[in-house]
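Q: The structure's right below; bear with me while I get my questions together.
The values are calculated or read from the model by the stated rules, or taken from the named source; none is laboratory data. Quantities reported herein were computed from a predicted structural model and do not represent experimental measurements. Neighbour counts run over all protein chains shown; Cβ positions are idealised from the backbone, glycine included.
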Amino acid sequence: MAANILVIGSGGREHSLAWALARSPGVRKVWVAPGNGGMVSAATEGAAAIAVASVAPEDRTAILRLCHDKAVTLVVIGPEAPLAAGLADDLRVHGLAVFGPGADGAKLEASKAWAKQLMTQAGVPTAPSWVVASRTEALDLLHRRRRPLVVKADGLAGGKGVTVANTMAEAEAAVDRAFAGAFGRAGEQLVLEERLEGPEVSVLALCDGRDLVLLPPAQDHKRIGEGDTGPNTGGMGAYAPVPFLDQQGLEQMRSTIFLPVLAALRARGIDYRGVIYAGMMLTAMGPMVIEFNCRFGDPECQCLLPLLEGNLAAVLQACALGQLGEAPPLITRSSAACACVVAAAEGYPGPVRRGDPITDTGRPGSRSMVFYAGVTRGETGQLQTAGGRILAGVGLGNDFDQAFDQAYTRLGQIDYAGKTVRFDIGHQVRRR
Ligand code: AMP
Ligand code: GLY
């Protein structure tokens, strides 16, 4: 079993990964690089210690040295940028077991045009789309289709590259913005796509190159404002499991979406070991993929991992080694619900205030957790705000009302100037 684990990243997703890995039997210590000041915790009876190392993922030499010095046996890469930049490849060359695809597999997220082509080849249900490389081509297409298509920057744009236009003028403006350089090289090519309607669900698969295990379906809330209004954010909250996608529906996605995608990747010589995250829309014509990500969702991860029983570290290591069949089963807590509510900084998703001290009058419980994201420790050791999304309160319950009570109660014990919270997360599944 993996004894020392290194998690790459610094957000709430990585804190929840470190938390779950530290609770996996056989794990001695979890390192997070670069991590944040809220993640650090001492070893307890049920959990290994979590420590941070201020090493940037771009500094390959320093990451390799860290792996060597700390006798790291498994590396779990959180964010898409280091995956797309080939960090997993560089570490594998040095014999390390890595959970996370190489740069080739990360194209599933890093190029929407590439992902679309793969979906078509694999027969995966998705919206009809066109790839365009110039403004003229894009505007021509819009005029020929005579309706406002969804406009997507091909490359990584930090979640800001998609415009779901309601009018032709909005679609044209999005095309203009992209070709004026709003997304840099990520917007040199666009995918124009038919608009789909229906509830959205995130379904995540842990893959070992050939086989996979599905996590419970989750739903996140991207907009800043209550009632799902206002600008898009990295995610203001999430809940899982999603009650309107049952086990049978999930099994169907395994055979119609995930296994064909893994096979299509393999056909291209890609040994995909990591998360395939499918952003699904449940349309009247059945589930359709609107995007793939090559990593755990943030904040979906924060409400998925607390639902799992079993040894997450052993499962991620088995994926990293291409041996999922030999891993202990990853069981989902039966009849449990998990809620995650993000507290952001004032101004988010625009420019935010920083450096406000964070106070916490509560203490961790078995049914509530806090996962830190945009925080740092000041000179006196005091935790302070240092980003857009500051932390997430996570609650477990027998139903969603209990889970959200736990999450909001825990969040209420934590305070800082400008604390910004949506109080309607999970409105679809709450009764009160
Ligand atoms: P993405 O960055 O690909 O996750 O897209 C951001 C959001 O745009 C998604 O979560 C959807 O809400 C929306 N979206 C993307 N593609 C479509 C589509 N074809 N039809 C309707 N909405 C879409
Ligand atoms: N929660 C959406 C994402 O991680 O992309």
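Q: Please specify each residue of segment 195-218 satisfying the condition of being part of a strand (DSSP E or B) and of a type in the set (G, A, S). Give the steps one after another, and end with the answer.
A: In the first step, residues of segment 195-218 are kept if they are part of a strand (DSSP E or B); the result is 200-208, 212-214, 218.
Within segment 195-218, S202, A205, A218 qualify.
Q: Let me ask something additional. Does at least one position in segment 217-224 carry a residue that is over 13 Å from E300 (Cα atoms) and within 16 Å of ligand 2 (Cβ to nearest atom)? Working first, answer last.
A: If we filter segment 217-224 for residues that are over 13 Å from E300 (Cα atoms), which is where we start, we get 223-224.
Filter once more, so that each one left must be within 16 Å of ligand 2 (Cβ to nearest atom): 223-224.
The answer is yes, given that some residue of segment 217-224 is over 13 Å from E300 (Cα atoms) and within 16 Å of ligand 2 (Cβ to nearest atom).
Residue-by-condition table, conditions (1) out of contact with any Pro (no Cβ under 7 Å at 6 or more places or on another chain); (2) over 21 Å from L6 (Cβ atoms); (3) more than 16 Å from ligand 1 (Cβ to nearest atom):
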| residue | (1), (2), (3) |
| --- | --- |
| V275 | yes, no, no |
| A284 | yes, yes, no |
| A318 | yes, no, yes |
| L321 | yes, no, yes |
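Q: Another question about this same structure. Out of all the residues in segment 220-227, is one or more acidic (D, E), touching a Ser or Thr at 6+ places or on another chain (Cβ under 8 Å), at pLDDT 95 or above and in a strand (DSSP E or B)?
A: Of the residues in segment 220-227, the ones acidic (D, E) are 220, 226.
Add one more test, that the residue is touching a Ser or Thr at 6+ places or on another chain (Cβ under 8 Å), and what stays is 220.
Checking which are at pLDDT 95 or above leaves us with 220.
Narrowing further to those that are in a strand (DSSP E or B): 220.
Taking every residue of segment 220-227 in turn, at least one turns out to be acidic (D, E), touching a Ser or Thr at 6+ places or on another chain (Cβ under 8 Å), at pLDDT 95 or above and in a strand (DSSP E or B).
Q: Could you figure out which of (1) without any contact (Cβ under 8 Å) to a residue 40 or more places away in the chain; (2) within 16 Å of ligand 1 (Cβ to nearest atom); (3) surrounded by fewer than 22 Cβ atoms within 10 Å (Cβ to Cβ) isn't true of W130?
A: Evaluating W130 over (1) without any contact (Cβ under 8 Å) to a residue 40 or more places away in the chain; (2) within 16 Å of ligand 1 (Cβ to nearest atom); (3) surrounded by fewer than 22 Cβ atoms within 10 Å (Cβ to Cβ) leaves (1) as the failure.
Q: Moving on to the next point. On the given criteria, is V164 crowded, with 16+ Cβ neighbours inside 10 Å and within 16 Å of ligand 2 (Cβ to nearest atom)?
A: Details: crowded, with 16+ Cβ neighbours inside 10 Å: yes; within 16 Å of ligand 2 (Cβ to nearest atom): yes.
Criteria met by V164.
Q: Among A267, A205, A186, which is the only one that is away from ligand 1 (no atom under 16 Å from the Cβ) and touching a strand residue (DSSP E or B) at 6+ places or on another chain (Cβ under 7 Å)?
A: Working: A267 fails: touching a strand residue (DSSP E or B) at 6+ places or on another chain (Cβ under 7 Å); A186 fails: away from ligand 1 (no atom under 16 Å from the Cβ).
Answer to the selection: A205.
Q: Pairs needed: first member in segment 224-242, surrounded by fewer than 18 Cβ atoms within 10 Å (Cβ to Cβ); second member anywhere, basic (K, R) and modelled with pLDDT of 95 or more; C-beta distance under 8 Å; at least 6 residues apart or different chains.
A: As it stands, the answer is G225/R422; E226/R422, since those pairs meet every condition given.
Q: Continuing with the same structure: Considering each residue of segment 167-217, count those that are more than 30 Å from L305 (Cβ to Cβ), crowded, with 20+ Cβ neighbours inside 10 Å and of a type in the set (D, E, K, R), and give that number.
A: So the count comes out to 1.
Q: When you scan segment 314-331, do you find a residue that is among the small types (G, A, S), over 23 Å from S54 (Cα atoms), in a strand (DSSP E or B) and in contact (Cβ under 8 Å) with a residue 24 or more places away in the chain, even just one?
A: As a first pass, look at segment 314-331 and keep what is among the small types (G, A, S): 314, 318, 320, 322, 325, 327.
Remaining after also requiring over 23 Å from S54 (Cα atoms): 314, 318, 320, 322, 325, 327.
This time we only want the ones that are in a strand (DSSP E or B), so: none.
For segment 314-331, residues among the small types (G, A, S), over 23 Å from S54 (Cα atoms), in a strand (DSSP E or B) and in contact (Cβ under 8 Å) with a residue 24 or more places away in the chain: absent.
Q: Kindly list the number of the only condition in (1) within 30 Å of L321 (Cα to Cα); (2) touching a helix residue (DSSP H, G or I) at 6+ places or on another chain (Cβ under 6 Å); (3) touching a residue at least 60 places away in the same chain (Cβ under 8 Å) that fails for W114.
A: Of (1) within 30 Å of L321 (Cα to Cα); (2) touching a helix residue (DSSP H, G or I) at 6+ places or on another chain (Cβ under 6 Å); (3) touching a residue at least 60 places away in the same chain (Cβ under 8 Å), only one is false for W114: (3).
Q: Can you name every residue in segment 140-161 that is surrounded by fewer than 19 Cβ atoms within 10 Å (Cβ to Cβ), on the phi < 0 side of the Ramachandran plot and not small (G, A, S)?
A: Passing the criteria: D140, L141, H143, R144, R145, R147, K160.
Q: Which residues, taken from segment 259-288, are surrounded by fewer than 22 Cβ atoms within 10 Å (Cβ to Cβ) and within 16 Å of ligand 2 (Cβ to nearest atom)?
A: Passing the criteria: G279, M281.
Q: Tell me the residue from C294, C319 that is under 23 Å from A110 (Cβ atoms), modelled with pLDDT of 95 or more, more than 16 Å from ligand 2 (Cβ to nearest atom) and within 20 Å of the chain's Cα centre (by Cα), please. Spell out the reasoning first.
A: Values: C294 fails: more than 16 Å from ligand 2 (Cβ to nearest atom).
After ruling out the rest, the residue left standing is C319.
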